[in-house]
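**Q** One structure coming up, written as structure tokens, with questions to follow.
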Amino acid sequence: MRTVQLGLRTYNANIYDRRINVWDDTKERASVMPAPPSHIVRYDESYELTRRFASTAITVVNEDTIETGMSMPGALCHNFSDICFAGGYVAQGSSAQEESIMRRSNFCSTLLQSFYPLGAEEGVYSPCVTFFKRGERDDWAPMEHVDLAFASIPALKRPYCVDDRLRDEDVRVFRKKVRLLMQTAHEMGHASIVTGAWGCGAWGMPARHVAEIFRDELAACDGAFETVCFAIIEGGDSHERPRHANPIAVFREVLCPV
């Protein structure tokens, strides 16, 4: 068995080959399954997140984005997009959130490279992405088609942190990104949002500080959404920053205190 060493962990190299083969098959299937056009969205400081519900329920679940999105009809799902490349490193066999989404759907037919690179206050809204494959743990078996809406907005990539806290200038930028996600969902008529431990894996965002920023921004617009769900797979692969390998406990502590 051929293996590769990444940080402190050893990985079976064959799984990378398998992911690449699955991606090639997905692209072929997606070529005859066009998706509605996507478009760029930009942060608008003047946009008002009006109250539509009595309050916003905040939940943290041990699931992936797609599983959670399928259980919340009409929600806007958040793709933790790359800054420069549509689909991130899906062609190289990466298993991060965006790449896993791409491998299971026709996202590649609407999240186009022409949208990139994305500016600090930009994202891409995709109104209808069709999923037709199960996840890696089910060997990407065929599934009944499910349509989900997505906002592709990147986090900050490997920001400099002091005591696991973002610098003030990075906090300002990241708050605008969180607001852009909420603005997009609100403007496009979505009652709920599915997001997660945004950037807290390989991109090195500090999990507790990210959760605190989300908590503060959601408190400021309580009632704008019915539910905001943080889908975080427990023990997910975050080999580049092992201390963030299991951020679900941190998000639960910050967002759902008992």
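None of the figures in this text is laboratory data; all of them are computed from the coordinates on show. Predicted model only: the values in this text are computed from it and were never measured. So basically every Cβ, Gly included, is an ideal-geometry build from the backbone, and we count neighbours across all protein chains shown.
**Q** Just to be sure I understand the curve: with the Debye formula and one point per C-alpha of the stretch 46-180, what is log10 I(q)/I(0) at q = 0.16, 0.18, 0.21 Å⁻¹?
**A** -0.96, -1.16, -1.39
**Q** For the stretch 107-258, what does the convex hull of the Cα positions come to per residue, in cubic angstrom?
**A** So the per-residue Cα hull volume is 144 Å³.
**Q** Using the Kirkwood radius built from alpha carbon pairs, what does the Stokes-Einstein equation give as D for the stretch 52-120 at 37 °C and 0.692 mPa s, in µm² per second? Could the numbers behind the result be given before it?
**A** On the way: Rh = 13.8 Å.
Approximately 238 µm²/s, per Stokes-Einstein.
**Q** Say the dipole of the chain comes from +1 at the beta carbon of Lys and Arg and -1 at that of Asp and Glu; which of PRO73, TYR89, ASN106 then lies farthest toward its positive end?
**A** In the chain, that residue is TYR89.
**Q** Something else about it: Enter the mean projected area of the convex hull around the alpha-carbon atoms of the chain, in nm², rounded to one decimal.
**A** In nm², the orientation-averaged hull projection of the chain is 13.7.
**Q** Translational diffusion coefficient of the stretch 177-226 at 25 °C, 0.890 mPa s, Stokes-Einstein with Kirkwood Rh over Cα pairs, in µm²/s as a whole number.
**A** Result for D is 211 µm²/s.
**Q** Could you tell me the center-to-center distance, by alpha carbons, between the stretch 112-156 and the stretch 163-210 in angstrom?
**A** The stretch 112-156 and the stretch 163-210 have Cα centres spaced 17 Å from each other.
**Q** Using alpha carbons only, what's the Rg to Rh ratio of the stretch 100-150 with Rh from Kirkwood?
**A** 1.05
**Q** Another question, if that's okay. For the stretch 159-215, which chymotrypsin sites (Phe, Trp or Tyr not before Pro) pass both filters: DSSP loop (anything but H, G, I, E, B) and at most 15 other C-beta atoms within 10 Å?
**A** TYR160
**Q** Go through 22-30, 46-54 and give me the packing order, highest mean Cβ count within 10 Å leading.
**A** In descending order of packing, they fall as 22-30, 46-54.
**Q** Okay, next question. Convert each backbone phi in the stretch 152-159 into a coupling constant with the Karplus relation 6.51 cos²θ - 1.76 cosθ + 1.60 (shift: θ = phi - 60°), then list the ³J(HN,Hα) values in order as whole Hz, x for Gly and Pro.
**A** Whole-Hz 3J(HN,Hα) from phi for the stretch 152-159: 9, 9, x, 7, 7, 9, 6, x.
**Q** Suppose every Lys and Arg Cβ carries +1 and every Asp and Glu Cβ carries -1, with no other charges. What dipole size does the chain come out with about its Cα centre, to the nearest 20 debye?
**A** Its charge dipole is roughly 380 debye.
**Q** Note down the Stokes-Einstein diffusion coefficient of the stretch 102-194 in µm²/s, whole number, using a Kirkwood radius over alpha carbon pairs, 4 °C, and 1.567 mPa s.
**A** On the way: Rh = 15.4 Å.
Here the translational diffusion coefficient equals 84 µm²/s.
**Q** To the nearest 20 debye, what charge dipole does the stretch 103-181 have about its Cα centre, counting +1 at the Cβ of each Lys and Arg and -1 at the Cβ of each Asp and Glu? Mind dumping the intermediate values first?
**A** Values: 14 positive and 12 negative charges, 25 e Å.
That gives a dipole near 120 debye.
**Q** Charges only on Cβ, +1 for Lys and Arg, -1 for Asp and Glu: so what's the dipole of the stretch 113-258 about the Cα centre, in debye to the nearest 20? List each step's numbers first, then the result.
**A** Working: 17 positive and 22 negative charges, 68 e Å.
It comes to approximately 320 debye.
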